[in-house]
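Everything below concerns the one structure shown next.
Just so it is clear, none of the values below were taken in a lab; they were calculated from the coordinates. The shown structure was predicted, so the numbers you read here are calculated from the model rather than taken from an experiment. In this analysis, Cβ positions are derived from the backbone assuming ideal geometry, glycine residues included, and neighbour counts consider all displayed protein chains.
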Amino acid sequence: MSHMASRDVHDPVAVERMVVEWAAQILEEPASAQDNFLDLGGHSMLAAELNQRVFDTFGAELDLQLLFEKSIGEAAGSIVSHLNSTTQNG
């Protein structure tokens, strides 16, 4: 997979939509940004698969603690925050 165009990386809605879609595919369950990954049946191996998709596309890693403790949308938001801080600092 290739990295997304920089304009897409900074669009939190696009990033969240992609991460939720991938989570639903990996979990084989419908998912929304408000859902918790673990509550939908996620576990560490599935989280690693999701994290690999995120890294392959965005060049950043999910905050797995957020993914396990908060919502999928909040975990996706951490990617945008990381990418924005990397862009500003680098």
**Spherically averaged projected area in nm², based on the convex hull that wraps the Cα atoms of the chain** = 5.2 nm²
**Prompt:** Residues in the stretch 55-73 near a label at His43, defined as backbone nitrogen under 19 Å from the 7 Å Cα→Cβ point?
**Reply:** 64-65, 67-69
**Request:** Please sort through the DSSP H helices of the chain and keep those with an alpha-carbon extent of at least 24 Å along the long axis and a Kyte-Doolittle average not below 1.0.
**Result:** none
**Request:** Mind putting a number on the dipole of the chain about its Cα centre? Charges go on the C-beta only, +1 for Lys and Arg and -1 for Asp and Glu, and I need it in Debye to the nearest 20.
**Result:** 280 debye
**Request:** As a check on your grasp of the helix formula, calculate [θ] at 222 nm for the chain: sum -39500 (n - 2.57) over DSSP H runs of n ≥ 4, divide by the residue count, round to the nearest 500.
**Result:** -20500 deg cm²/dmol
